[in-house]
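I have placed the structure first, in the form of structure tokens, so that the comments after it can refer back to it.
Coordinate-derived values only; no laboratory data. Quick caveat: nothing in here was measured; it's all calculated off a predicted structure. Glycine also receives a Cβ, built like all others from the backbone with ideal geometry; neighbour counts cover every protein chain displayed.
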Amino acid sequence: MKPNLKVKIGNIEMKNPVTVASGTFGYGEEFEGLTGIKSLGAIVSKTITLNARVGNKPPRIAETPAGMLNSIGLENPGTDKFLKEKLPIMAKFKIPIIVSIAGESKGEYKEVAEKLDKIGKIDGIEINISCPNVRTNELIAQNENLTAEVVEAVKSATRKTVITKLSPNVTNIVSIAKAAEAAGTDAISLINTITAMAVDIRKKGSKLGNITGGLSGPAIKPIALGMVWKVYHSVRVPIIGMGGIMDWQDALEFILCGAKAVMVGTANFVNPDSACEIIKGIENYLKSEKIKDIKDLVGKLRV
Amino acid sequence: MPKHIIGNIISQKELKKGCFRMAIETPSIAKTAKPGQFLHIRCGDSKDPLLRRPISIHKIGKKSVDVLYNVVGKGTDILSKKKSGEELDIIGPLGNGFKIYKNSGSVKVLVAGGMGVAPLLGLAEELTRNKTRDKKVIILGAKTKQHILCEKEFNKLGLEVHIATEDGSMGKKGLATDLAKEIILSKKYKWSEVCIYAAGPMPMIKALCVFMEGCSLESQVSLEEKMACGLGACLGCVVDTQAGYKRVCKDGPVFNLCEVICE
């Protein structure tokens with residue numbers, strides 16, 4: 001018997017719990033022909049902002065042991081151009097669309113959310129309050145009050161499902177997750193990248209043009225799992241887990257720790273078909289374990 | 001459209017110390033590949049090194065493609081230890097490749113700095129296949145004689161070969177760019193008729209675009225940058241151009257010489 005892979009995040013009905021992490025999949029177009037995008041549970045856009053952003057100075061990538069640093073800096077064409085040029089590409093795949101948004105202020109988040117709210121093709125909004133590459137001072141996701149204010153602003157602007165993406169660069173992830181929940185977020189996604197650096201001792205400089213960047217990949221998976229587990233026991237809203245998921249086994253670890261869905265990020269760069277292979281792997285695992293529904297596995301870590 | 005395939009290694013040979021030429025059987029990539037495009041190669045199976053390595057297509061055969069690369073780190077070291085008969089996980093062909101204009105600049109000057117020679121051999125083969133009466137010159141520049149590659153192949157193709165080494169151990173002492181300038185000036189080629197095809201380290205490219213100002217607008221350079229996806233999605237490999245940041249993997253790796261910012 002075919003196990004049930006369907007999950008619901010807010011009002012977003014995903015045919016399976018696997019989607020892609022914002023920024024690692026563009027708007028889908030570059031992966032056409034290399035993976036079956038239509039098989040994904042949903043597609044998530046690269047983060048968009050109200051106005052276009054050129055992004056950070058290169059180099060923007062540095063590889064580290066079992067991981068990579070990036071300092072892209074939210075390069076994107078701006079909301080209007082996104083809606084005109086990129087959204088139609090994403091809509092072709094006929095799977096739920098989640099648009100990741102960021103802003104300089106809560107007003108800007110609200111303005112972008114208002115624009116997206118009018119577009120029927122969009123199913124959900126992920127609030128990126130945790131990109132480590134755009135602000136030199138505190139991240140929104142590092143402050144409970146700011147987190148709550150942005151979530152409230154976005155919620156007041158849209159009836160679409162709102163997912164709040166948290167940063168691991170905090171002293172207490174639980175208090176931030178609770179603040180987002182109390183402010184009305186429909187779901188929480190975590191973790192974004194970890195602020196990090198790599199140094200070139202010959203050039204005596206950083207390997208990144210922006211000096212610091214965000215660490216992703218297998219190196220951060222244990223940290224991500226720990227945070228998903230902690231947050232799962234503190235909030236009632238669904239959790240989308242991510243951080244170094246490379247294969248179906250990794251994905252199942254997140255699900256056992258409490259993630260209702262997962263996002264595949266850096267793995268897309270290594271194998272563009274990763275997310276689809278993970279879906280198949282999860283399905284086969286459920287069959288072999290005789291589990292009828294993926295939901296029966298969420299948070300079922302034996303303790 | 002790029003393909004994600006498993007190719008078979010036909011041969012692997014160390015041409016000079018630390019420099020390898022690998023032939024890979026991959027009919028589907030060979031069929032559509034163009035000189036100047038690259039392959040995104042998974043060097044090992046483990047999580048470290050994690051990312052693929054972008055490597056220039058060196059030669060294009062009927063059913064195979066060759067790559068030429070230096071061992072510069074963990075990824076290329078693993079790659080260099082692979083033997084003929086082993087499989088290789090490849091995405092390609094990627095990037096735009098060199099544009100070859102018919103009846104363009106009547107003097108084609110290829111400038112290779114170090115491993116920049118890799119994509120230029122495939123280009124030279126393509127240029128000689130189009131039987132034009134263009135004059136074709138290549139300047140091979142490297143640190144020492146030990147680092148000069150493929151001079152015989154370029155000779156065989158009928159290109160006029162010039163060599164520059166930084167230590168003077170072969171050819172003219174100095175940089176490839178200086179030699180290129182000297183040759184163009186001494187032969188009294190018309191500036192506007194000179195079409196440059198260059199590949200090499202960034203300082204060389206920048207020097208070229210400074211003193212080549214005014215040469216054919218069809219002049220092109222192949223650039224390198226650290227890459228993650230190689231497909232144009234992650235925006236990790238951008239370089240600054242006159243038109244803003246552009247992706248080396250998708251908008252390049254070949255750019256018009258006049259686009260590159262020299263500062």
Fill in: Filtered trypsin sites (Lys or Arg not before Pro), the range A:214-274: DSSP coil and at most 12 other beta carbons within 10 Å
A:ARG236
Worksheet item: Roughly how many debye, to the nearest 20, is the charge dipole of the range B:107-259 about its Cα centre, given +1 on each Lys and Arg Cβ, -1 on each Asp and Glu Cβ, and no other charges?
Response: 400
Worksheet item: Which value, in debye to the nearest 20, describes the size of the charge dipole of the range B:3-94 about its Cα centre when Lys and Arg Cβ atoms bear +1, Asp and Glu Cβ atoms bear -1, and nothing else is charged?
Response: 280
Fill in: Label-point separation in nm, A:SER288 to A:THR195, each point 7 Å along Cα→Cβ
4.2
Response to the item:
Which residues qualify? For B:SER11, with a placed amide H closer than 5 Å and at least 5 residues away or on another chain, they are B:ALA23
Worksheet item: At 222 nm, what helix-only mean residue ellipticity would chain B give, in deg cm²/dmol to the nearest 500, using -39500 (n - 2.57) for each DSSP H run of four or more?
Response: -5500 deg cm²/dmol
Worksheet item: Between the range B:9-66 and the range A:217-257, how many Å separate their Cα centres?
Response: 36
Response to the item:
B:LYS152 and B:ARG133 label points (each 7 Å along its Cα→Cβ direction) are spaced in nm at 3.3
Worksheet item: How high is the relative contact order of the range B:107-259, given as a whole-number percent (alpha carbon pairs under 8 Å, six or more residues apart)?
Response: 21
Practice prompt. Taking the Cβ of each residue in A:ASP247, B:ASP45, A:ASP296, B:ASP251 as the centre, tally the other Cβ atoms inside 10 Å and list the residues starting with the fewest.
Written response: B:ASP45, A:ASP296, A:ASP247, B:ASP251
Worksheet, complete the sentence: In terms of the charge dipole of the range A:48-185, which places +1 on Lys and Arg and -1 on Asp and Glu at the beta carbon, the residue among A:ALA180, A:PRO77, A:ALA113 farthest towards the positive end is A:PRO77
Worksheet entry | Filtered GluC sites (Glu not before Pro), the range B:51-145: DSSP coil and at most 15 other beta carbons within 10 Å | B:GLU86
Worksheet item: What do the square roots of 5 times the Cα gyration tensor eigenvalues come to for chain B, in whole Å, largest first, as semi-axes of the equivalent ellipsoid?
Response: 29, 20, 18
Worksheet entry | Mean Cα-pair separation over length for the range B:54-145, i.e. relative contact order, pairs under 8 Å, 6 or more apart, % | 32
Item to complete: Please report the orientation-averaged projected area of chain A, defined via the convex hull of its C-alpha atoms, in nm².
Response: 15.0
Item to complete: Return the ratio Rg/(2.2 N^0.38 Å) for the range B:207-261, where Rg is computed over Cα atoms only.
Response: 1.16
Discussion item. Calculate the FRET efficiency for B:GLU193 and A:LYS57 from the Cβ-Cβ distance with a Förster distance of 45 Å, rounded to the nearest 0.05.
Written reply: 0.75
Worksheet entry | Pairs beyond 19 Å (Cα-Cα), from A:LYS15/A:LYS280; A:LYS6/A:LYS118; B:LYS108/B:LYS131; A:LYS221/B:LYS47; B:LYS17/B:LYS63 | A:LYS6/A:LYS118; B:LYS17/B:LYS63
Worksheet item: What does the range B:3-94 give for Rg and for Dmax, in Å, if only its C-alpha atoms count?
Response: 11.9, 34
Worksheet, complete the sentence: Here the Cα Rg-to-2.2 N^0.38 Å ratio for the range B:107-259 is 1.03
Worksheet entry | Helix B:176-186 axis, angle to chain B major axis (alpha carbon atoms, nearest 10°) | 30
Worksheet item: Suppose R0 equals 25 Å; then what is the FRET efficiency for A:ILE223 and A:ASN137 from their Cβ-Cβ distance, rounded to the nearest 0.05?
Response: 0.60
Worksheet item: Let a ≥ b ≥ c be the square roots of the eigenvalues of the Cα gyration tensor of the protein assembly as shown; is it rounded (a/c under 1.5), or, if not, prolate (a/b larger than b/c) or oblate?
Response: prolate
Discussion item. As a test of the formula, what do you get for chain A when each DSSP H run with n ≥ 4 contributes -39,500 (n - 2.57) and the sum is divided by the residue count, at 222 nm and rounded to the nearest 500 deg cm²/dmol?
Written reply: -8000 deg cm²/dmol
Worksheet item: How many percent of DSSP beta bridges within the protein assembly as shown run antiparallel, rounded to 5?
Response: 55
Worksheet, complete the sentence: With a Förster distance of 35 angstrom and the Cβ-Cβ distance between A:GLU29 and B:ILE261, calculated FRET efficiency to the nearest 0.05 equals 0.80
Discussion item. As a test of understanding, state the convex hull volume per residue of the range A:212-303 from its alpha carbons, in Å³.
Written reply: 103
Fill in: the range A:68-115: GluC sites (Glu not before Pro) falling in loop per DSSP and having at most 14 other Cβ within 10 Å
A:GLU104
Practice prompt. Give the order of B:VAL71, A:VAL151 when sorted by the count of other beta carbons within 10 angstrom, beginning with the fewest.
Written response: B:VAL71, A:VAL151
Worksheet, complete the sentence: If the label point sits 7 Å along Cα→Cβ of B:LEU217, residues of the range B:226-263 with amide N under 17 Å come out as B:242-243, B:255-260
Discussion item. As a test, work out the antiparallel percent of DSSP beta bridges whose residues both lie in the range B:107-259, rounded to the nearest 5.
Written reply: 25
Discussion item. I'd like to know how the range A:1-95 sits against the 2.2 N^0.38 Å rule of thumb: what's its Cα Rg over that expected value?
Written reply: 1.26
Worksheet entry | Considering only chain A, percent of DSSP beta bridges that pair antiparallel, nearest 5 | 40
Discussion item. From Cα pairs below 8 angstrom and at least 6 apart in sequence, can you work out the relative contact order of chain B, rounded to a whole percent?
Written reply: 17
